[in-house]
Each structure stands twice: as structure tokens, then as C-alpha cells.
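The block underneath contains the structure these notes are about, expressed in C-alpha cells.
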Amino acid sequence: MSGKTRQFPLSLASLGNKASRTVQAKTVAVQKTATPQTATQNAAQYGARALPQSPSRIIPVVRPVHGSSDSDRAMPMVSEAVRKAMVARIAKQGVKDTKVLAAMEAIPRHFFLEPALASQAYIDASLPIGHHQTISQPYIVARMIEVMRHNKQGGVLNNVLEIGTGCGYQAAVLSLLAKEVYSIERIKPLHELAKANLRPLRIPNIRLHYGDGMLGFSKVAPFDGIILAAAGLEVPQALLDQLTIGGRLVAPVGGRHQILQLIERVGKYEWSASTLEDCHFVPLRPGTVG
């Protein structure tokens with residue numbers, strides 16, 4: 001690490017002070033907070049860009065196993081056409097990775113929500129899943145995965161770690177883009193909910209774990225990519241240590257004001273950090289809830 005040695009994790013204050021940084025950081029323009037209103041503004045900004053080739057040609061749509069007790073979630077109001085429209089909107093907002101877009105189209109987001117919310121599954125907003133937690137907005141899911149995939153290995157992801165399984169939706173999307181997906185949830189009822197949601201889809205490469213996500217999953221580390229679905233004041237050192245060299249971690253960081261941050265491990269004791277845009281997530285907390 002160039003300059004004076006400084007120990008990770010990075011504090012939010014250190015990110016705002018270029019002179020005191022000990023990582024090589026490339027800061028890009030900060031956009032407005034990812035909300036439905038911002039999504040409309042992004043669509044206007046990026047609307048002139050050509051939509052990538054239809055992602056449905058790359059990855060087939062994932063469907064529940066026939067005879068599943070949950071198969072009635074596939075209602076006309078949440079048809080594949082509505083999902084395609086969501087993907088087109090995400091592309092207009094600036095997500096270019098066709099494999100990410102394909103995965104977003106393939107996974108039925110409404111399948112991970114209560115039936116009462118199914119009609120809202122494909123709007124560009126986070127939605128409640130219980131226990132004061134949310135399913136992340138479609139744009140931010142695609143954005144974070146795209147950034148994590150943009151590595152020096154051409155997007156190859158062997159082991160990926162997700163912190164905050166929630167209802168299981170993001171893990172399902174990741175399963176189409178990584179060889180193995182490990183996902184940790186600290187709230188036991190949500191861990192069980194994710195298992196119930198994913199079971200009918202029979203996705204073979206997702207490993208769900210109930211535990212403290214701030215500790216990571218050292219037993220199966222290192223990871224090519226780590227993605228956090230909750231915001232801490234800083235990225236836990238344990239997670240930084242579990243990145244492979246060349247691996248990328250994408251996380252929201254901050255309290256009332258949050259930024260989406262990319263950290264890439266560039267050496268055994270060296271990481272580079274950059275700020276992507278403003279965002280809003282539930283807080284990252286230690287420990288477990290039964």
C-alpha cells in the first residue's frame with residue numbers, strides 16, 4: 001500500500017479525505033440516491049442508449065418445479081412481459097452487462113414476495129419482507145452485481161459470498177452468474193423464508209447459512225466476490241480478509257447518508273476503494289436473531 005500504512009476497515013470519514021487515504025481510490029461521479037424517483041431521472045439520462053441484445057437468449061427463465069405448492073405465485077399480473085419491461089428499464093438506467101440483465105430476467109422476483117405485493121414486484125423500488133428488512137430495488141441489485149463481475153478475470157466468479165440473504169432473491173440472481181453462492185442471514189425466520197422460497201426453484205449452487213454476516217464465512221474463503229445487502233459505518237475487516245487477490249467487494253457504507261462502495265483486493269495487505277453512488281439500505285448489524 002503506497003504512502004503511510006493504514007489498517008482496514010476504511011471509515012466513512014477516511015473516504016471523504018483524499019489526502020489521508022492509504023488506498024489507491026478512483027472516485028467517479030456521485031449520482032442521487034437510488035429511489036423510484038431517481039430511477040425515472042436515470043431513465044431520462046440513459047434513455048438514448050441502445051438496449052443490449054435480448055438477455056432471454058442467454059439464460060432461460062427459471063421456473064418453479066411443477067406440482068410445487070408455491071406454483072400459484074406465477075400470476076398473470078406478474079407475467080414475463082412485465083419482467084422484460086423491468087429489465088429494459090434497468091438497461092436504460094445504465095446497467096450494460098448482458099449476463100446480469102439475463103439473470104434479472106430469468107429470476108421471477110414476485111416469487112420471493114407475499115402474494116399481496118406480487119403486483120408491485122417489478123417496480124423499481126425496495127419492498128418489505130418482514131422483520132424490518134426489504135428486498136432490494138431491482139436496479140441496485142443489477143448495479144452491484146455488474147460492478148462485482150467487472151473484474152480482471154473477465155467476470156469469472158467461482159465462490160461468491162452474500163451478506164444478508166433476506167428472502168433469497170439476490171442469491172437466486174447470483175446463482176446464474178457464479179459457480180458457487182454462499183449466503184449468510186442473521187435473522188432465523190428470514191433464513192427459513194429464503195430456504196422455502198428457493199426450494200421450489202431447485203437451484204443447486206446456493207448454500208444458505210444462518211449466522212453473523214459481519215464475520216464472513218472463513219471456512220470456504222477466499223471469495224472472488226462479496227456483496228452486502230446492508231450498510232455498516234465501515235466494511236468489516238473479516239470480509240476484506242476473505243477476498244481473494246483480484247476479488248471485488250461491493251457494499252453500502254454509512255449511517256444516515258450512505259454511499260455504494262467498491263473495494264478491490266490488489267495485494268495481501270492492500271486494497272483499493274472507490275465510491276460509486278448514493279444509496280439507501282437497512283443497517284448492518286452484528287450477531288444473530290433467533
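The values are calculated or read from the model by the stated rules, or taken from the named source; none is laboratory data. Bear in mind the structure is a predicted one, so any value in this text is a computation, not a measurement. So basically every Cβ, Gly included, is an ideal-geometry build from the backbone, and we count neighbours across all protein chains shown. The area values use the complete protein model at the heavy-atom level, side chains included, leaving out ligands, DNA and RNA. Shrake-Rupley method; radii C 1.70, N 1.55, O 1.52, S 1.80 Å.
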(request) Pull up the cross-link candidates among the aspartates and glutamates for LYS195, meaning alpha carbon to alpha carbon under 20 Å and not fewer than 8 places away within one chain. (result) ASP70, ASP72, GLU114, GLU162, GLU180, GLU185, ASP212
(request) Would you calculate the separation in nanometres between label points at LYS96 and LEU233, each defined as 7 Å from the Cα along the Cα-to-beta-carbon direction? (result) 3.8
(message) Not counting ligands, DNA or RNA, and with a 1.4 Å probe, what is ASP212's accessible surface area in Å² rounded to the nearest 10?
(response) 30
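Cα-Cα pairs above 13 Å in segment 184-255: how many percent? Could the numbers behind the result be given before it?
On the way: 1782 of 2556 pairs.
The answer is 70 percent, as a whole percent.
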(request) Report, ordered by chain and residue number, the aspartates and glutamates lying within cross-link reach of LYS96, taken as a straight Cα distance under 18 Å and ignoring same-chain residues fewer than 8 apart. (result) GLU105, ASP124, GLU146, GLU277
(message) Could you compute how much accessible surface PHE111 exposes when probed at 1.4 Å, giving the result in Å² to the nearest 10?
(response) 0
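Sorted by average packing, counted as other Cβ atoms within 10 angstrom per residue and highest first, what order do 113-120, 243-250, 87-94 take? Before the final figure, lay out the partial values.
Details: 113-120: 14.2, 243-250: 20.5, 87-94: 22.0.
By packing density, highest mean first, the sequence is 87-94, 243-250, 113-120.
Return the FRET efficiency for the residue pair LYS219, ARG199: r is the Cβ-Cβ distance, R0 is 25 Å, and the value is rounded to the nearest 0.05. All intermediate terms of the calculation are to be shown ahead of the outcome.
Numbers: r = 23 Å, r/R0 = 0.94.
The computed FRET efficiency comes out at 0.60.
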(message) Under a Cβ-only charge scheme (Lys and Arg +1, Asp and Glu -1), can you give me the dipole magnitude of segment 142-259 about the Cα centre, in debye to the nearest 20?
(response) 260
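How high is the FRET efficiency between LEU117 and LYS188 when r is their beta carbon distance and R₀ equals 22 Å, given to the nearest 0.05?
Working: r = 22 Å, r/R0 = 1.00.
Plugging the Cβ-Cβ distance into 1/(1 + (r/R0)^6) gives 0.50.
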(request) Along Cα→Cβ, 7 Å out, is where each label goes; now give me the distance between the ones at ILE245 and THR288 in nm to one decimal. (result) 3.4
(message) Under the √(5λ) rule applied to the eigenvalues of the Cα gyration tensor, what semi-axes describe the equivalent ellipsoid of segment 235-276? Give them in Å, descending.
(response) 20, 10, 7
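With a/c under 1.5 counting as rounded, go ahead and sort segment 71-221 into rounded, prolate or oblate using the C-alpha gyration tensor (a ≥ b ≥ c being the square roots of the eigenvalues; past the cut-off, prolate if a/b is larger than b/c, else oblate). It would help to have the intermediate numbers written out before the result.
On the way: a/c = 1.73, a/b = 1.12, b/c = 1.55.
In terms of gyration-tensor shape, oblate.
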(message) Distance between the C-alpha centers of segment 91-168 and segment 258-290? Whole Å please.
(response) 17
(request) Subtracting the Cα-Cα distance from 0.36 nm times the residue separation, let me have the gained length for GLN153 to VAL266 in nm, one decimal. (result) 39.4 nm
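Give the calculated FRET efficiency between LYS179 and ASP212 to the nearest 0.05, with a Förster radius of 35 Å applied to their Cβ-Cβ distance.
Values: r = 25 Å, r/R0 = 0.71.
Calculated value: 0.90.
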(message) Let me check against my output: what whole-number percent is the relative contact order of segment 142-233, with C-alpha pairs under 8 Å and at least 6 apart?
(response) 38
